[in-house]
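Each reported figure results from applying straightforward, stated rules to the coordinates on display, with no laboratory input. What you see is a predicted model; the values in this text were computed from it and never measured. Virtual Cβ from ideal backbone geometry, glycine too; neighbours counted across all protein chains shown.
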Amino acid sequence: MKKKIGRNDPCWCGSGKKYKQCHWAFDEKLQELADEGHPVPRRDMIKTPEQVEKIRESCRINVAVLDEIDKQMHEGMTTADIDKIVYDVTTDMGGIPAPLHYEGFPYSVCTSVNDQVCHGFPSKDVVLRAGDIVNVDVSTNLNGYYSDSSRMYCFGELDPTVRRLVDVTRESVEKGLAQVQPWGFMGDMGQAVHDHCTENGFSVVREFGGHGIGLEFHEDPWVGFNSRKGREIVLAPGMVFTIEPMVNMGKPEIYIDPDNDWEVYTRDGKPSAQWEIQVLVTETGHEVLCW
Ligand code: MF3
Ligand code: CO
């Protein structure tokens, strides 16, 4: 049996402050929402300020890696070239590419081109040409703290609908982000993402979503986009998670390459786009930790 913490006892978060001056009101608020029937975050989903600072340092590497890719991206380069940039910049800055050997993933980064939805393998045979789009999904482990974000890169002149797919996907992340606030719900974010994509004639992949992140690469909660306003887990200050919708130009169905069990494609062969941000819920709203 677990004893209830006294108001004058040290807070469970490790701040050293008295419970009543630290997370007491927070716990009261969560209990109120739980009593109303809402799923609420467990304590291990709430990061302490010290943990957030370590996560921020990891995020700095993730952003630096993507900024370097911004600089070096050019037509004619291969996705293997991108893999090398990710490995070199990450390790030069003291980090480890989190995808490398993660559940057997064989590369430092996921590069998903055109009809690839996610988890694309970098390859020297995949040359990026005019009309192509690629998602570069970078994740870093620095001293055991994780960061994860991704950007889209476009080459030459795009088919106008493909251009719109890339732009609408990014806008949907921004609209979702705007819904992230303490004592709101994950579904507020999810519906905002989903509505923007479908209103523009696109579809959102159902099988993959975002995730809590920080002390592990993938933590609870799972962050879906087929959710409704006012539903799903309560958002509380200290939660860190990703928003990363995979948006298809055509139908939402996907197909996983049976040869490697990793690479995911759209079933209808039409293009798919994704942007990913890592966000912290704060006392007053949110903070983007990396994009
Ligand atoms: N970066 C992906 C995400 O956004 C995870 C990829 S798993 C890997 O969650 F092994 F492929 F890296
Ligand atoms: Co992610």
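Side notes on the structure shown:
- Highest mean packing first, where packing is the average number of other Cβ atoms within 10 Å per residue, the peptides 136-144, 53-61, 34-42 line up as 136-144, 53-61, 34-42.
- Environment charge at Y146 (Cβ cut-off 9 Å; Lys +1, Arg +1, Asp -1, Glu -1): -3
- Listed pairs K229/K251; K71/K124; K17/K229; K17/K175; K47/K71; K29/K229 exceeding 25 Å between Cα atoms: K17/K229; K17/K175; K47/K71
- 0 to 90° range, to nearest 10: angle between helix 24-35 axis and the chain longest Cα axis: 70 degrees
- Value of relative contact order over the chain, rounded to a whole percent, pairs C-alpha under 8 Å and six or more apart: 19 percent
- Rounded if a/c under 1.5, otherwise prolate or oblate - region 132-179, Cα gyration tensor axes: oblate
- Averaging the Cα positions of each part gives two centres, and for region 187-204 and region 69-120 these lie 28 Å apart.
- Sequence-separation-based contact order of region 39-109, relative, with Cα cut under 8 Å and 6+ spacing, percent: 23 percent
- For the chain, the longest principal axis of the C-alpha atoms and the axis of helix 49-72 are separated by about 10°.
- The order of the peptides 100-113, 153-166 by mean Cβ neighbours within 10 Å, most packed first, is 100-113, 153-166.
- When the chain is treated as a Gaussian network with alpha carbon springs shorter than 10 Å, the biggest mean-square fluctuation among D259, D70, D92 belongs to D259.
- Comparing Cα centroids, region 205-235 and region 1-47 end up 22 angstrom apart.
- At most 14 other Cβ within 10 Å, DSSP loop - trypsin sites (Lys or Arg not before Pro), region 77-129: K124, R129
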